[in-house]
Amino acid sequence: MAATIFNAIVLDSFDFDENAKIVTTFSDKFGKIAFVALGVNKVSSKNRYSIQTFSNSEFEVFKSKKYNGLSKLKTGILINQNNNIANNYDDYLYVSCISKIIISGTNFDQKNYKLYNLLNETIKIINNKKSSFSCFAFFLFYAMNFFGGS
């Protein structure tokens, strides 16, 4: 099984085992994709920073052959951690809401590069503290097209 490399934004993660997490991301190539990250809860893990919520990372994953199957993380490289979002509660709520919209509104392997770019730019702007509410409203307005609204 060959590994696939892609950029993705981490939308959610939860503990799966003592040292593992299941991570849900939205990627530029595959749309929403989930994978198991073995050993990332260990202090010595080199992949633990790449799976922080709302971070933008490059992942190398052994992709599952089933469209809704669970893939396996090989390596992750942090590109942008977007940690300023956590400093303001409103910003955190905006990005959490956007994350939940993407998770519930898209199917696994539903490719949409424009939605990925919209998500990426929205998170960057909110992380840089530039009119967070306006950016959130902008995202909701333009995301309606992706989810069947007009």
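The values are calculated or read from the model by the stated rules, or taken from the named source; none is laboratory data. Given the structure is predicted, the values throughout are model-derived calculations rather than measurements. FYI the Cβ positions are ideal-geometry reconstructions off the backbone, even for glycines, and counts take in every protein chain you see. Only protein heavy atoms, including side chains, enter the accessible area calculation; ligands, DNA and RNA are left aside. Shrake-Rupley method; radii C 1.70, N 1.55, O 1.52, S 1.80 Å.
What is the percent carbon and sulfur in the accessible area of the stretch 1-76, measuring with a 1.4 Å probe over the protein chains and ignoring ligands? Write down the numbers at each step before the final one.
Values: 1820 of 3760 Å².
Carbon and sulfur: 48 percent of the exposed surface of the stretch 1-76.
To test your reading of the geometry: what angle, between 0 and 90 degrees and rounded to tens, separates the Cα axis of helix 89-105 from the longest principal axis of the chain?
70
Before I look further, what does the stretch 1-97 give for accessible area per residue, probe 1.4 Å, in whole square angstrom?
So the stretch 1-97 comes to 53 Å² accessible per residue, rounded to a whole number.
Using a simple charge model, +1 on the beta-carbon of Lys and Arg, -1 on the beta-carbon of Asp and Glu, nothing else, what dipole does the stretch 55-99 show about its Cα centre, in debye to the nearest 20?
Details: 5 positive and 4 negative charges, 106 e Å.
That gives a dipole near 520 debye.
Would you kindly work out the equivalent ellipsoid of the stretch 48-150 from its C-alpha gyration tensor and give its semi-axes, the square roots of five times the eigenvalues, largest first in whole Å? Write down the numbers at each step before the final one.
Values: eigenvalues 115, 75, 21 Å².
Taking √(5λ) for each Cα gyration eigenvalue gives 24, 19, 10 Å.
Calculate one ³J(HN,Hα) per residue across the stretch 120-125 by plugging θ = phi - 60° into the Karplus curve 6.51 cos²θ - 1.76 cosθ + 1.60, and present them in order as whole Hz with x for glycine and proline.
4, 5, 4, 5, 4, 5
Two-decimal Rg/Rh of the stretch 107-150 from alpha-carbon positions, Kirkwood Rh? Don't skip to the end; give the middle numbers.
Details: Rg = 11.3 Å, Rh = 11.1 Å.
When Rh is taken as the Kirkwood radius, the ratio is 1.01.
Check ILE79: other-chain or 5+ apart residues with amide H under 5 Å from its amide H, H built from backbone geometry?
Long-range HN contacts for ILE79: ASN56, SER57, GLU58.
If I model a spin label at ASN117 and SER131 as a point 7 Å from the Cα along the Cα→Cβ vector, what separation in nanometres do I get?
Computed distance between label sites ASN117 and SER131 equals 2.0 nm.
Once each part is reduced to its C-alpha centroid, what is the distance from the stretch 1-74 to the stretch 104-150 in angstrom?
21
Going Cα to Cα from LYS65, which aspartates and glutamates come in below 12 Å? Please leave out same-chain ones fewer than 8 positions away.
Of all the aspartates and glutamates, those that pass the test against LYS65 - Cα under 12 Å, at least 8 places apart if same chain - are ASP109.
Based on the Cα gyration tensor of the stretch 1-69, what are the three equivalent ellipsoid semi-axes, each the root of five times an eigenvalue, rounded to whole Å and given largest first?
Semi-axes (√(5λ), whole Å): 18, 14, 11.
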